1. Give the residues of the range A:144-179 that are in a helix (DSSP H, G or I) and under 16 Å from A:Ile324 (Cα atoms), sorted by residue number.
2. Residue pairs, Cβ under 9 Å, 6 or more apart or interchain, first in the range A:118-140 and in the same structural domain as A:Thr301 (by TED's automatic domain parsing), second in a helix (DSSP H, G or I) and basic (Lys, Arg). List them.
3. Out of B:Val79, B:Val8, report the one residue that is within 14 Å of chain A (Cβ to nearest Cβ) and away from DNA strand D (no atom under 11 Å from the Cβ).
4. Determine which member of the set B:Ser189, B:Ser207, B:Ser195 is under 21 Å from B:Asp149 (Cα atoms) and either more than 22 Å from the chain's Cα centre (by Cα) or modelled with pLDDT under 95 (or both).
5. Keeping to the range B:65-76, report how many residues are at the interface with another protein chain (Cβ under 9 Å from one of its Cβ atoms), under 9 Å from the mean Cα position of the chain (by Cα) and under 18 Å from B:Asp119 (Cβ atoms).
6. Out of the residues in the range A:66-96 that are over 10 Å from A:Gly299 (Cα atoms) and of a type in the set (Gly, Ala, Ser), state the one that is nearest to DNA strand C (Cβ to nearest atom).
7. Given B:Val160, B:Val151, which one is at pLDDT 95 or above, open to solvent by less than 10 Å² (accessible area, probe 1.4 Å) and among the aliphatic types (A, V, I, L, M)?
Number of protein chains: 2
Amino acid sequence: MENITIKVLASRLNLSATTISKALQDSHEISEPTKQRVRELAAALNYTPNTYARSLRTRKSETIAVVLPEIADHFFALVINGIEAVAREKGYHVLIYLTHEDYHREKEILEYIKKGRIDGLLISVTKNSTATEHIAVMEQENIPVIFFDRVMEQMQLPKVVTNDFESCYLATQHLLDCGCKKINVCTISTNLEISKQRILGYQKAMSDHNISIEKNQVLICDDDAQCYAKLYNSLQATNRPDGIIAIVDKLTLPIYLACEQLNLKIPEDLKVISFSNNPTAGILNPSLTTVSQPAFLIGQTAATLLLNSLDPKNNKVQQDITVIPSELIIRNSTGY
Amino acid sequence: MENITIKVLASRLNLSATTISKALQDSHEISEPTKQRVRELAAALNYTPNTYARSLRTRKSETIAVVLPEIADHFFALVINGIEAVAREKGYHVLIYLTHEDYHREKEILEYIKKGRIDGLLISVTKNSTATEHIAVMEQENIPVIFFDRVMEQMQLPKVVTNDFESCYLATQHLLDCGCKKINVCTISTNLEISKQRILGYQKAMSDHNISIEKNQVLICDDDAQCYAKLYNSLQATNRPDGIIAIVDKLTLPIYLACEQLNLKIPEDLKVISFSNNPTAGILNPSLTTVSQPAFLIGQTAATLLLNSLDPKNNKVQQDITVIPSELIIRNSTGY
DNA sequence: ATTATTTACGTTAACGATAAAGTAAATAAT
DNA sequence: ATTATTTACTTTATCGTTAACGTAAATAAT
C-alpha cells in the first residue's frame, strides 16, 4: 500500500506540498475552497502527518517525559493520571521512565532522552539523588524541567510539592492530641527534601509540646530488605513508641505486619498515621489515618506548568514552588 | 551554543557525514583507527544523534505504546513495571495512554499514534470495546499489536492473559469448600473476555457441584456511580449470598464498605474473594483472600513478544495465546 | 602482469515535513 | 492610470540522518 504523504496529496490535487501543509494547518494564506479540497482528500486517504519529519523540521516533538521512582504506588500512579489528563488535552504524548530508586539509572535515563526526543521533563528524583549535573544537562539542551514531589531544592527550577512540613506537623499534633507520649517517625531516606521537611515538621511539633526526641526515634528504612526487621525491632523494644508516623505509603504494610506479629493492637498499643493515597486505607484492619496527598492535582499542576512553559505565547518561566496542601484523614488507627 | 550534529563531527575530522554515521554504528566498512577518532570526538563534544532525523530515515522509532484503561490500579501498574523493565533493557521507549474505560478515547488514541510514532503497541481494551476496526488500522500501518489481559478474542493477534476461567473456577471451588451455599459474582462488564471467562469458570464450578445459579447472582457493576448501591442492595436482601467473588480489584472496596454499613461480618456472614494484586490485601479487615494475577510477568511477556517481533532476526509472528497462571492466596476473608 | 576483490572511504539522494523567500494575478490606494 | 498591497499560491532549501551507489587505493587471485 502506498504511503500517504503530503506529496501524494499535492500531486493528486495539483498543488504544491507546501500548500497542503499550510492548508492542513489552516493557514490564512490558503483559500477556503482549497483548504476544503485538501481536508477532504486527506480524510479520504486517511492521511496522518509523519511525526518524525515534522519534529525534525520544527524541533518540537509534542512529547514530554515523566521520570519517577515507581509506578506501583498509588501516589505516583495518581500523579501520572493527572499528567496524562493534561497532556492528552493539549495534544502531548507522555513517555514514562522508572528509576526504581536507582540514581545511576536516573542519570542514564536523562542521558538517553536529552537529545531531541522530548520537549520537556517532569521528574521526581530517587532517594539517592544528590548530584544535579544530570539534570543541569537538560537545561543545556533547552529542555524545561519541572520537579514534582521529590524535588532537588538546590536547583533553581519550578517545583510542585505538597506542604510536607506542615502536614507532618499536623499529623504529629494529632497523635499528641490522641494521647501519644512517645512518637516515632519512619522514613525511607534522610536525603530527600520531602523526608527532611516531614521530619522537621514532626520535630517542630514535638518541641512545641516540649517533648524531647531521641536519635533512634527517627527510623531510617532506606534498605527495603531490612525495613521490616528494623520496624519489628523498634516495636518490640521495651521503650517502644505508642505512636508512629510513616512518611511514605510503602511503610504501612511492614508496620501493620509487625504489629500483628508482635500482638500489638492498633490503636490501643500503637497509633499509626501514614502518608498514603491508597484507597484501601479505609478498609484496613483497623482503618488507617492518613495524610492524603493531592496526587492527581500535583500531576495536573506540574504538567500544566510544563506545557505552558512550552507554549511560545507565555514563555515566562516560573521558578517558584507551587505548594498544594495535603489533608489529614482521621480514621481508626489513631483512636476513635 | 552550536548544535552538535553528525556534520559538525564530519567537518572537524575531515570525513564525510556518512563515515561518521557508519563509524558510530561500528560498521565493518570503517577502519578501527577512524572509528576511534570518531568516537572520541563524539564523546568529547557530547554528541547524541537526533532521534527524529534517524527515525525519519530508518522508519523505526524504538518506541512502543501502552494503551490501557487505568494506571491507578495495582494490577496495571505492575504490568507497566514489567513492560518498562523489558523496554529499557532493549533500549526502547514507552509511551503511556490511558483510556479510562472510554472506548471513544481508545479509538482516538490509536488514531493519534498510528502514524510513524511507534514501532509497536501493547493494549488492554476498555470494557466497552467491541468494535475492532480501530485496532485493525494498526495492522494496516504495519504496527504489530499485542493484547494483554483484556483481549479481543475475535482478533487474530498475540495475546498474553492469565488463566481466567480456571482461576475463577478454583476461587468458586474454594468458597464452596469453605461451606458457602449461595455464591454471587460481581463484575464490571459482561463484554470483556476476562469477565466472560471468569464468570464461566464460576458457573462451571457451581454446576459441577450441582448448584443452580439465578440470574441476579451475577452482579454487573458497569457503572461506577451505582456500583456501591447495587452491591449494598444485593447484600441486604433476605436472600443475600454467603459468598462473593469480585472479578476485579476495584470492587473490593465497595464490598467491604457495604458489609461494614450492613454490619455483615466477613467471613462469618459473607466470605469474599477478589481478583487483586494490591499488597494491602494482607492487612485488610479481615485480610483478603485473593486471586493474585502474575501482573509483572504479563507485562514482561507481552513486551518481550512485541520487541521480539520487531527484531528483524526473528520475524516469526506468533498469533497464539500465552497463558500465565494466577495464584489463589487464601487469607481470612474466606474463613480460617 | 593483469584482473578481481576487498578496504575504506565519499557522493548523492532521500526520508516527509515546514520555513523562507519568491511570484503572478487580483485588488486597493493614490 | 499608475503604483502599492494583498491574496493565494509555488520554489527552493533545510532539519539530521542513513540508504544506495560510487570510487580510488590496496591487496589478492590467476
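The values are calculated or read from the model by the stated rules, or taken from the named source; none is laboratory data. Note that the coordinates shown come from a computational prediction; the quantities given were computed from them, not determined experimentally. Cβ coordinates were reconstructed from backbone atoms using ideal geometry, including for glycine residues, and neighbour counts include every protein chain displayed. Quick note on the areas: whole protein, heavy atoms, side chains included, nothing else; ligands and nucleic acids left out. Shrake-Rupley method; radii C 1.70, N 1.55, O 1.52, S 1.80 Å.
1. A:Asp164, A:Phe165, A:Glu166, A:Ser167, A:Cys168, A:Tyr169, A:Leu170
2. A:Thr126/A:Arg105; A:Ser129/A:Lys107; A:Ala131/A:Lys107; A:Glu133/A:Lys107; A:His134/A:Lys107
3. After applying the criteria, what remains is B:Val79.
4. Exactly one residue qualifies, and that residue is B:Ser189.
5. 1
6. Among those that are over 10 Å from A:Gly299 (Cα atoms) and of a type in the set (Gly, Ala, Ser), it is A:Gly91.
7. B:Val160
Conditions tested, residue by residue: (1) surrounded by fewer than 22 Cβ atoms within 10 Å (Cβ to Cβ); (2) more than 13 Å from chain B (Cβ to nearest Cβ); (3) not polar (S, T, N, Q).
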| site | (1), (2), (3) |
| --- | --- |
| A:Ala225 | yes, yes, yes |
| A:Leu235 | yes, yes, yes |
| A:Gly243 | no, yes, yes |
| A:Leu251 | no, no, yes |
| A:Val272 | no, no, yes |
| A:Phe275 | no, yes, yes |
| A:Asn278 | no, no, no |
